[in-house]
1. If you rank 291, 130 by how much accessible surface each has, with a 1.4 Å probe, what is the order from largest down?
2. Just to confirm my numbers, what's the Cα centroid distance between region 226-287 and region 108-186 in Å?
3. At a 1.4 Å probe radius, which order do 267, 313 fall into by accessible area, largest first?
4. Would you calculate the convex hull of the Cα atoms in region 191-298 and tell me its volume per residue in Å³?
5. Would you tell me the accessible area of residue 169, worked out with a 1.4 angstrom probe on the heavy atoms of the protein chains, in Å² to the nearest 10?
6. Along region 308-315, what does the Karplus equation 6.51 cos²θ - 1.76 cosθ + 1.60 (θ = phi - 60°) give for ³J(HN,Hα), rounded to whole Hz, x for Gly and Pro?
7. Over region 225-320, with every protein chain in place, what whole percent of the accessible area is carbon and sulfur at 1.4 Å, could you tell me?
Amino acid sequence: MKIMSPQASLAAAVMLAAAWLASPVSAQTQPAPAPPAQAQPAQVQSPPASPAPAPLAAAPAASTAPAATAPSAQTASPAATNPAAAKAEAVTVGVPGMKELSPWVMFMSADVVVKAVMIGLAFASLMTWTVFIAKSIELSAASSRLRSALKKISEARSLAEAQMALGAKQGVLPSFLAAALREARMSAGLSSDAGIKERAASSFSEIVRAEARRIRIGMGVLASIGSTSPFVGLFGTVWGIMNSFIGISKSQTTNLAVVAPGIAEALLATAIGLVAAIPAVIIYNHFSRMTKSYLELVSRASGAAGRLLSRDLDRSHGSVHSRAAE
């Protein structure tokens, strides 16, 4: 057995010390490669774990949700603290449902006074068209009867013959003939023909005036509706706009979407007033012309009755003179 020298033993001790000192450093640096080894299984297992990003995406959304709701809470807080602003917001929210306003919807949402004005104007318009239909039938029938009667007595030579031609019919011309015969009978024995004709003409004038009053029945209603309906509708409009301004002062907003429905309801009253007034004026003017034409026919009938009376008077005086000559 060989004995080592002191130098060799010293070198071996130095090497052992170096190895002992190097062993902790290697122990500390050796775990460093472990993360790549652990990351590789994570990458291999990543395809089955694909649903994992969804919770990660949901988490930001959930985190942003409070941020999105926070402004709404901040904006809603002034409306909650200010009742006028809340009321105005409620009104503006309800406005989109009222964009398409029909006349019936505007009527139902109008004020009581405006509703009464609209109903009155609608009734006036109904009366206008009722008078139009009734007077058209009446004037047409009266004119045709009078023309037919004048045609029948055009060949008559005396009052009695004219009455026989007309028969027992009622009308203006039979009234003229009856008045002429009555005056001739009551003036029998009087020698003044001018007085008889004058009294008969007075009776004829009364009949003409009575017929004119009868044929003009309903014309006053048309004149009243035509002249007052626009002002009645204007009253309803003024009342409705006044209520709209009161609503503006209560809601403390000048938004057009809030004001427009009330103003539209108010203007509807003026529109109905014009709808009632314009036809009334036109129909009144039409009946004025028709009435004038009918009264001209009545004057012709009066003249025809006066001529027959004059013939009868001349014929009676001629027979008296012939008898006196004999």
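1. 130, 291
2. Each part's Cα centre sits 38 Å from the other's.
3. From most exposed to least exposed: 267, 313.
4. Expressed per residue, the convex hull around the Cα atoms of region 191-298 is 88 Å³.
5. 110
6. The phi angles translate into 5, 5, 5, 5, 4, 5, 5, 5 Hz.
7. Values: 3450 of 4930 Å².
Taking all protein chains in place, region 225-320 shows 70 percent carbon and sulfur surface.
The values are calculated or read from the model by the stated rules, or taken from the named source; none is laboratory data. Keep in mind it's a predicted model, so treat the numbers as computed, not measured. Only protein heavy atoms, including side chains, enter the accessible area calculation; ligands, DNA and RNA are left aside. Shrake-Rupley method; radii C 1.70, N 1.55, O 1.52, S 1.80 Å.
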